[in-house]
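Structure record follows, encoded as structure tokens.
The numbers here are math on the coordinates, done by the rules we state, and not lab data. Keep in mind it's a predicted model, so treat the numbers as computed, not measured. In this analysis, Cβ positions are derived from the backbone assuming ideal geometry, glycine residues included, and neighbour counts consider all displayed protein chains.
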Amino acid sequence: MEPKAIFDLLTAHLGEGAAEYRENDIESWACVSVARIADACRFLRDTEGLEFGQLMCLSGIDWDGYDENGKGKSVAILGYEADGTPETSDRVADGELGVAYHLYSHTCDHKFTLRLRFPRDKATVPTVSDIWSTARWHEREAWDLMGIRFEGHPDPRRILLSEDWVGHPLRKDYQMPDQWLNVPLRGQPYANNPFAPADDAPAGDDTPAEG
Amino acid sequence: MATNDTRLTGWADQDHVPGLKSELLELNMGPQHPATHGVLRLLLHTDGEIVYKVTPVVGYLHRCAEKIAEGVDYKQWVVYTDRFDYLGPVTNNHAYVTAVEKLTELEVPARAEHLRVVTAELSRIASHLIALATFGLDMGAWTPLLYCFREREVILNLLERIAGGRMLYNYMVPGGVRYDLPQDNWVSDVLEFVTMLENKKLPDYNTLLTYNKIFIERTSDVAIIDRETAIDYGCTGPVLRGSGVQFDCRRNDPYSIYPQLDFEIPVGKGEMGTVGDCWDRYIVRVREIEQSCRIIRQALEQLPEGPVHAIELKKPVRVPAGAAYSRTEAAKGELGHYIISDGGTKPFRNKVRSCSFCNLQVIEKVGVGQMVSDLVAFVGSLDIVLGEIDR
């Protein structure tokens, strides 16, 4: 089924105003209101003729600093200065966060994309892990790396980072850490490497090996 | 040590084995354990030999490659894809460049597409050989490991001759591949290897391992993933096909030159037990090696002349603004990239949907009620790579 036809069924179920359709040559998607996402997903999975049995991918997105004009002028992420200290910025992040759901139906062989957008300070969305079990880890990952909370998630822990990690690295305003558990994390150039050989160390043999 | 997990209280009060009082134990399998295929930690709650609860703990290899992607341009990130599934790196390259090309609509020269398919299928064979080898090792078969590694070595040498690296190749770029064929008899060497593998080596493995009575006893009817569970948990690749679902991105969501090629998609049929058991997942990989051999032969026969990349290699790629999810069939399953571009030379967001990440999760459900030794068989049959789970 074509995305537009799927969207028409979806919006008939959710009612006017709960979802918007964004036409695109490469990938069209439906922008759904945050409160109705679980309802929409359940409808897409259970309706005969749609049967989206598989959640292919669930991605957290930080839209902060996105260049809407498509000129590639988005705000750059923070890295490390030349001397190895973390970069800082006075800019206050105010962009929205988002989630994208990519669905696939094995029985009908069609795909569909749902997207959410919500303000940064209200980063909580209903879970879909009771609809697709695979969402459990995907949502844990989105919480871990993007800082989006999933309400009703049975196991809302971090998954890739350790429990005591501070911050969510994929946020655009994430500042690189200076150290972790007293291990310096400074991205120093090789010349400043504290473990580099001393100046008076015997010179190595630079000639390439034979053969 | 007895568990103090409050979610599990009440277990000891029940009479599981009549006349025997039992108690749940916490047991750590991994992260340093040869049967977990990398730094995977499985936290088990066991009652004697029976596993009551499995909690995988992952993330030991996490390097946040998705964050790195936002700081480097599209071409520079190809090297990071090599390091996801380091046993089948070229298939990862292929997934990523396909995703970038979906947004840019670059015309890839036909010769490059053919070389991509040949190298990716060689890489898939190498990955499957490791899967067979380590699965056999988990089951106590030592000899197939040596045999499979011997054949993999030939593939590593062939790929080294075309791409320069031994294990990590960085072979593809958006718009083509980096190098044309070497100026020697590479093509005939590949064909010779493929023929040898089909006619001599695979029958050897089948005799040694596939139809070995002990191996069948250890793997048939063990850890059955049924069709619904596999789809619900997002399993893909040989794990999904082992459960009897005929789905392969190369056929169902075609990319590159796969629509022109003639190959079959093997699925598990429950020949030695039930559909979706460990043996089915294993045999799907063996049969996929045969199909990969067929693909390689066809792609090399059709190999056209011409350039191997559409754009200048040193220039960064500028990708028009937009977002697209693209999926390809890597050795372990469906490898997807969700790329959001703002029109610049760096991705605004690059989400990687890795196959092992989704395949491993099913252990939380299917691992329950297994013997500890069967869990080893189960993890082996899933064929996970931690570099890809942790990214």
*Between segment B:269-339 and segment B:140-155, what is the C-alpha centre distance in whole Å?*
23 Å
*What number, rounded to the nearest 500 deg cm²/dmol, is the helix-based mean residue ellipticity at 222 nm of chain A, given -39500 (n - 2.57) per DSSP H run of at least four residues and division by all its residues?*
-5000 deg cm²/dmol
*What residues qualify as long-range amide H neighbours of B:GLU334, i.e. H under 5 Å apart, gap of 5 or more or another chain, H built at 1.01 Å from N?*
B:THR236, B:GLY237
*Which whole number gives the average count of other chain Cβ atoms within 10 Å of the Cβ atoms across peptide A:20-33?*
2
*asked:* Could you give each residue of segment A:94-110 its phi-based ³J(HN,Hα) in whole Hz, using Karplus coefficients 6.51, -1.76, 1.60 with θ = phi - 60°, and x for Gly or Pro?
replied: 9, x, 7, 9, x, 9, 10, 10, 10, 10, 9, 10, 6, 7, 9, 6, 9
*Determine the shielding of peptide A:81-91 by partner chains: average, over its residues, the number of Cβ atoms on other chains within 10 angstrom of each Cβ.*
0
*Once the Cα gyration tensor of the protein assembly as shown is diagonalised, what are the square roots of 5 times its eigenvalues, in whole Å and ordered largest first, as equivalent ellipsoid semi-axes?*
34, 33, 28
*Given a cut-off of under 8 Å on Cα pairs at least six residues apart, what relative contact order in percent is computed for chain A?*
20 percent
_Phi-based couplings in Hz for segment B:292-303 (Karplus 6.51, -1.76, 1.60; Gly and Pro marked x)_ = 4, 4, 4, 4, 4, 4, 5, 5, 6, 5, 8, 3
_For segment B:28-58 versus segment B:347-391, the gap between their alpha-carbon centres in whole angstrom_ = 12 Å
*Where in segment B:117-210 are there trypsin sites (Lys or Arg not before Pro) that are in a DSSP coil and have at most 13 other Cβ atoms within 10 angstrom of their Cβ?*
B:ARG166
*At 37 °C and 0.692 mPa s, grab the translational diffusion coefficient of segment B:65-390 from Stokes-Einstein with a Kirkwood Rh over Cα pairs, rounded to a whole number in µm² per second.*
165 µm²/s
*Using the Cα centre as the reference, give the magnitude of the dipole from point charges on the C-beta atoms of segment A:109-167 (Lys, Arg: +1; Asp, Glu: -1; all else neutral), rounded to the nearest 20 debye.*
280 debye
*If you count, for every residue in A:95-106, the Cβ atoms of partner chains within 10 Å of its Cβ, what is the mean?*
3
*Pop out the ³J(HN,Hα) list for segment B:64-76 in order, Karplus 6.51 cos²θ - 1.76 cosθ + 1.60 with θ = phi - 60°, rounded to Hz; leave Gly and Pro as x.*
6, 4, 5, 6, 4, 4, 6, x, 10, 7, 4, 6, 5
*asked:* Under 13 Å from a point placed 7 Å out from the Cα of B:GLN246 along the Cα-to-Cβ direction: which residues of segment B:259-288 have their backbone N that close?
replied: B:263-269
*For segment B:18-103, which GluC sites (Glu not before Pro) are in a loop by DSSP, counting at most 13 other Cβ atoms within 10 Å?*
B:GLU23, B:GLU49
*222 nm [θ] for chain B, helices only, -39500 (n - 2.57) per DSSP H run of 4+, per residue, to 500?*
-12500 deg cm²/dmol
_Candidates A:ALA100, A:ALA12, A:ALA142, ranked by Gaussian network fluctuation over chain A, Cα under 10 Å, top entry_ = A:ALA12
*asked:* Using amide H atoms built in the peptide plane, which far-off residues or other-chain residues are under 5 Å from B:ARG41 H to H?
replied: B:VAL57
*Scan segment B:33-66 for trypsin sites (Lys or Arg not before Pro) in coil per DSSP, keeping those whose Cβ has at most 14 other Cβ atoms within 10 Å, and list them by number.*
B:ARG63
*asked:* Could you work out the relative contact order of chain B? I mean the mean sequence separation of Cα pairs under 8 Å and 6+ apart, divided by the number of residues, in percent.
replied: 26 percent
*Cα-based Rg of chain A per 2.2 N^0.38 Å, rounded to two decimals?*
1.37
_Taking the Cα centroid of segment A:99-162 and of segment B:190-257, what is the distance between the two, rounded to the nearest whole Å?_
30 Å
*Around A:TYR80, which amide H atoms from residues at least 5 apart in sequence, or from another chain, sit under 5 Å from its own amide H, with H modelled in the peptide plane?*
A:GLU87
